[in-house]
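Worksheet for the structure shown next.
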Amino acid sequence: MQKVYLDNAATTQVRDEVISRMQEALAVHYGNPSSTHSFGRTAKTAVEQARKTIAKTLNAQPSEIIFTSGGTEADNMILRCAVRDLGVQTIITSKIEHHAVLHTVEELEKEYGIAVWYVDLDADGNPDMGHLETLLQKDGSKKLVSLMHVNNEIGNITDIAAVGKLCQQYGALFHSDTVQSIGHYPWDVQSVHIDFMTAAAHKFHGPKGIGFAFIKKNSGLKPLIVGGAQERGFRAGTEPFHNIVGLEESFVKAYEHLEEETNTVKELKRYFVEKVQQEIPGAIFNGLSGDLDKSTYTLANVRLPFDKQKGLMLLFHLDMKGIACSKGSACQSGSDQGSHVLAEILSPEEMDKPSLRFSFSMYNTKEELDYTVQVLKEYANS
């Protein structure tokens, strides 16, 4: 049976170079980065070099990069500390954010009594910039806007520069979950008004359990996790040195080969979209995910013309055929409630049709996509 992995928005295959770098760290450079002896100093030097490498690529300062366990921790840390330490009274977000943001703001609403306002979305799932400006103009409360750059389910790309300008104009803080963006798009934090960003290595062929937060210098945030003085006092806990160098290696390789790998994956998505349209009449791409110019090149979310009963077995059928994809965010696997993202932009009738997210990487081939579409076509005709 052919094995096809098309769930790269959930996690990605780790690069060979990353595995080699991590193996060396685990076998040879195993000192605690906080120790003062040579073993510890070697590890500490590598951690700080990784911080500098990431900062340079993003045009940030090394002190603005804080290593975390991943995007979820980084989102939680930024949002919670902004309310606790900076006096944020209102968070403006959207109902199609990742649950790392949505569930956090819901908890903050309960714990601190802050206001949570949701920006309107158009039919494709894009934030209404006019409505965002209206919300920013309301009352005199201290506000923070949290809007993701690339939506992890439908692939829409938010105009981060435009959001940043509005935040700057009205004195609001701006946080963006950039987990689906870092490693796939170039970034210059000096050219965009942004206060906080998040990243996870496993989204760009690095290890799981490591990521980072970009926190603008002199933000005023204080630690969420306290204990030792690691991460310049901002995040306590022994640094996972092997994961940090794995993050650095995957980050460096992603940006060294960005143009080449972007073109490769973009061509795979174009091929897949055209193939689905040709072979499965009635298939519709959700959001803007079928438009290569208006959505990320890394994923497509397709609504298939199957009845509800047939749709219930679709994901299982694909898995039995060796094809890995998803109904939405991997973080809600096992839930039978469906995608909260699609529920915001589709009608109940449209939600009755099965939708699947196929996400691509440089390790995929057109032959794999041919096989996937053929399996879908056969299922449609069965």
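In table form, for the structure just shown:
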read-out	value
Inter-residue pairs, beta-carbon under 6 Å, first in a helix (DSSP H, G or I) and in segment 304-324, second open to solvent by less than 50 Å² (accessible area, probe 1.4 Å), 6+ apart	Gly311/Pro354; Leu314/Pro354; His317/Tyr379
Odd one out for Gly140, checked against (1) under 18 Å from the mean Cα position of the chain (by Cα); (2) modelled with pLDDT under 95	(1)
Criterion: modelled with pLDDT of 95 or more, surrounded by fewer than 21 Cβ atoms within 10 Å (Cβ to Cβ), farther than 30 Å from Asp370 by Cβ and not aliphatic (A, V, I, L, M) - qualifying residue of Gly246, Gly227, Gly209, Gly233	Gly209
Residue in segment 147-168 that is open to solvent by 30 Å² or more (accessible area, probe 1.4 Å), within 19 Å of Ile66 (Cα to Cα) and touching a residue at least 60 places away in the same chain (Cβ under 8 Å) present	no
Check on Ser141, of a type in the set (Ser, Thr, Tyr), surrounded by 19 or more Cβ atoms within 10 Å (Cβ to Cβ) and more than 21 Å from Gly338 (Cβ to Cβ)	no
Counted residues, segment 120-139 - those being in a loop (DSSP other than H, G, I, E, B) and within 15 Å of Gly164 (Cα to Cα)	1
Residue check, Gly171 assigned to a loop (DSSP other than H, G, I, E, B) and open to solvent by 40 Å² or more (accessible area, probe 1.4 Å)	yes
Among residues of segment 190-206, those that are open to solvent by 10 Å² or more (accessible area, probe 1.4 Å) and not charged (D, E, K, R), counted	6
Lone unmet requirement of (1) among the small types (Gly, Ala, Ser); (2) without any contact (Cβ under 8 Å) to a residue 24 or more places away in the chain; (3) surrounded by 17 or more Cβ atoms within 10 Å (Cβ to Cβ) for Ser20	(3)
Top-ranked residue of segment 340-382 - restricted to ones that are over 25 Å from Gly206 (Cβ atoms) and assigned to a loop (DSSP other than H, G, I, E, B), ranked as modelled with the lowest pLDDT	Ser382
Segment 262-286 - residue that is among the aliphatic types (A, V, I, L, M) and not in a helix (DSSP H, G or I) and, of those, least open to solvent (accessible area, probe 1.4 Å)	Ile280
Criterion violated by Arg80 - all others in (1) under 30 Å from Ser361 (Cα atoms); (2) assigned to a helix (DSSP H, G or I); (3) open to solvent by 10 Å² or more (accessible area, probe 1.4 Å); (4) touching a helix residue (DSSP H, G or I) at 6+ places or on another chain (Cβ under 7 Å) satisfied	(1)
Qualifying positions in segment 349-382 - open to solvent by 60 Å² or more (accessible area, probe 1.4 Å) and either within 27 Å of the chain's Cα centre (by Cα) or more than 28 Å from Met148 (Cβ to Cβ) (or both)	Glu350, Met351, Asp352, Lys353, Tyr363, Lys366, Glu367, Gln374, Lys377, Glu378, Asn381, Ser382
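The values are calculated or read from the model by the stated rules, or taken from the named source; none is laboratory data. Predicted, not measured: the structure shown is a model, and the values here were computed from it. Every residue, glycine among them, receives a Cβ derived from its backbone with ideal geometry; neighbour counts consider all protein chains shown. The accessibility values were calculated without ligands, DNA or RNA, using every heavy atom of the protein model including side chains. Shrake-Rupley method; radii C 1.70, N 1.55, O 1.52, S 1.80 Å.
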